[in-house]
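Report on the following structure.
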Amino acid sequence: MQTNQKSDRTESLGGEGETILMLCNHRGKEIAWLRQEIDELRADRKSLQSRCNEQAVTIDLLKAKVKQQKLIIGASERVIKEIIHSYHRED
């Protein structure tokens, strides 16, 4: 039914109608391609967001390890100072 309506419209417009239909079909294909591109970009964005989240977790873990190492170093320095002080007291 729709094809008959389209052909009736194009016949009433003549060659101009065919040109309009060709342009519409071309635009429809471009729109479909753009939608596909948008979907792919959204998927890429989700993937990148996921990777960023993973990196953020890794960074947080590394920060925690650095903090732990600083605490160990601080404790070691205090122990070393105590040993040095006790050694000097024995003299």
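Structure above, values below:
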| item | result |
| --- | --- |
| Theoretical gain in end-to-end length, E77 to A43 [0.36 nm per residue, Cα-Cα removed] | 7.2 nm |
| Label-point gap, in nm, between E30 and R89 - each point 7 angstrom along Cα→Cβ | 8.7 |
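Quick note: the coordinates plus some simple rules give every number you see, no bench work behind them. Worth saying up front: this structure is predicted, and the values here are computed from it rather than measured. Reconstructed Cβ throughout: ideal geometry from the backbone, glycine too, with neighbour counts over all protein chains shown.
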